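**Q** My questions all concern the structure below.
A short reminder: the numbers here are calculations on the coordinates, not readings from a lab. Nothing here was measured: the structure is a model prediction, and the numbers come from that model. Neighbour counts are summed over all protein chains in view; Cβ atoms, including those assigned to glycine, are modelled from backbone coordinates with ideal geometry.
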Amino acid sequence: MMYRITCFIAILCIMFKIINNIACKNTWFLCFFLGLSIFAQTEVIEIGNLEERIGETSGLIYFDDKLITHNDSGNTAELFEIDPTSGAILRIVQIINAQNRDWEDLAQDEDYIYIGDFGNFNGNRTDLRIYKISKAQYLASDTVTAALIEFNYEDQSDFTAAPNSDWDAEALFAYEDVLVVLTKQWKSAGTVAYKLPKTSGVHMAKRLDSYQVEGLITGATYDELKQQLILIGYSRLLLPFFVEVSGLNDTSIFSGTVSKSPLNTGIAQVESIAHSENRYFFTCENYTNTSFQITSLSRLFFFELEPKIIPQNIDKDIELLLYQPMGPFTLNYQLATDDTVFERAIFDMTGRLIFYDSDSAIKNGKIDTSSLRPSIYFITFYLKKGRISKPFVIR
């Protein structure tokens, strides 16, 4: 994949030369440019270099308290289990009935791991596929077999080979009972979302919608609890970014709230992303350009996102009063509604469930919070017509 972006790097180097020439005459211009390049960037922590055996890392998930990755086109049909604190390889699992033609991303649901073999730089592949692996089998053995999901895009009719195709794809995630593939449009600099079933067989991927990201999408991770999708990619100048998507549904991915933010890694060919609560791990693969003396090693990073505040009243007629007469030891509440209450729960700031109770007679009461550490929490009541949630603080 390295040769695909050589022209982008050439443009970057020319741009820097132009800026340098201007800056010699106008120091303020250089300061202004540098200020723009670091403004509003998300803080990124570099964990370390990845081993050479995964120098072409291309997909990533977080499972069983470990990260799982693989290499891209032409490499072995293997998954590499790595330590999220160091990036060291802990285990290698071989998929004995698979071939790595152009593996690009990983996804998962409760029972399966999915490998997206749909890299399509020239746009002429007619054998796009996703390998489906049982998590139980993965945990039990270092050699596994995969079921095969084959597909084509419903709106692709021209399969003429042409580099820098808009039919390339490098991102995959599981959403409810479907898989969603996101294209990497080299010419259009956008992405199109397609859905297909999780079942084995031959399918036609149905187009959902698109987003003009002005970049190249290379990975995706979906948080079912937060109902939030995070995409990762890089610009034509090899500058990484991520995209937050919320409000998606099974007929539209980008009709809700979409925001794009830069990542302060410097030049890096980022390829994959995975999440564990509010921490997002991502990798970049080896990139070298000797003409412009640019080297970017394969590395593991992470960044964190502050959890979004849970909306309070779905029904404006519902009122929820919280008070703490005994400080951090109890949380008292009064819920004013005629609706039926089925459940109550407390979540921490990462969305992790802390407390749960099912009782229809809990509109007024108290909860023992003496075991909670100082932090912000959310109490949520689930009603017949919706839910209501409010934050509270343990000091």
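**Q** Report the residue, chosen from G351, G233, G116, that carries the largest GNM mean-square fluctuation when the chain is represented by alpha-carbon nodes joined by springs under 10 Å.
**A** Evaluated over the chain, the most mobile residue of the options is G351.
**Q** A further question on this structure: In debye, nearest 20, what is the charge dipole magnitude of segment 224-348 about its Cα centre with +1 on Lys and Arg Cβ and -1 on Asp and Glu Cβ, if you could check?
**A** 700 debye
**Q** Over 18 Å between C-alpha atoms is what I'm after, so list which of K226/K366; K363/K384; K66/K135 land there.
**A** Where the Cα-Cα span goes over 18 Å, the pairs concerned are K226/K366.
**Q** Taking the Cα centre as origin and putting +1 on Lys and Arg beta-carbons and -1 on Asp and Glu beta-carbons, what dipole magnitude results for segment 2-304, to the nearest 20 debye?
**A** That gives segment 2-304 a dipole magnitude of about 1020 debye.
**Q** Let me ask you something else. Have a look at F281, F342, F173 and tell me which one the Gaussian network model of the chain (Cα, springs below 10 Å) gives the largest fluctuation.
**A** Maximum fluctuation in the GNM of the chain, among the listed residues, is at F342.
**Q** Then there is this: Note down, for the chain, the three equivalent ellipsoid semi-axes (square root of 5 times each alpha carbon gyration tensor eigenvalue), biggest first, whole angstrom.
**A** Semi-axes, largest first: 40, 28, 21 Å.
**Q** Considering only Y62, Y323, Y194, give the residue with the highest GNM mean-square fluctuation for the chain, with springs between Cα atoms whenever their separation is below 10 Å.
**A** Of Y62, Y323, Y194, the most mobile in the Gaussian network model is Y323.
**Q** Among bridges DSSP assigns within the chain, what percent are antiparallel (round to 5)?
**A** On the way: 115 of 123 bridges.
Beta bridges within the chain, antiparallel portion: roughly 95 percent.
**Q** May I ask you to order 136-147, 174-185 by the average number of other C-beta atoms within 10 Å around their residues, highest value first?
**A** Values: 136-147: 14.3, 174-185: 21.2.
In descending order of packing, they fall as 174-185, 136-147.
**Q** What whole number of Å gives the distance from the Cα centroid of segment 319-359 to the Cα centroid of segment 214-281?
**A** With segment 214-281 and segment 319-359 each reduced to a Cα centre, they are spaced 32 Å.
**Q** Let me ask you something else. Choose one of Y333, W103, I54: the residue whose Cα lies farthest towards the positive end of the charge dipole of the chain (beta-carbon charges +1 Lys, Arg; -1 Asp, Glu; about the Cα centre).
**A** Result: Y333, furthest along the dipole toward the positive end.
**Q** Using only Cα atoms, locate the centre of segment 52-112 and the centre of segment 159-203, then give the distance between them in Å, rounded to an integer.
**A** With segment 52-112 and segment 159-203 each reduced to a Cα centre, they are spaced 19 Å.
**Q** Measure nothing fancy, just the Cα-based angle from helix 6-25's long axis to the longest principal axis of the chain, in degrees from 0 to 90, nearest 10.
**A** Between helix and principal axis, roughly 80 degrees.
**Q** What order, most packed first, do the peptides 271-277, 369-375 have when packing is the mean number of other Cβ atoms within 10 Å of each residue?
**A** Ranking, from highest mean packing down: 271-277, 369-375.
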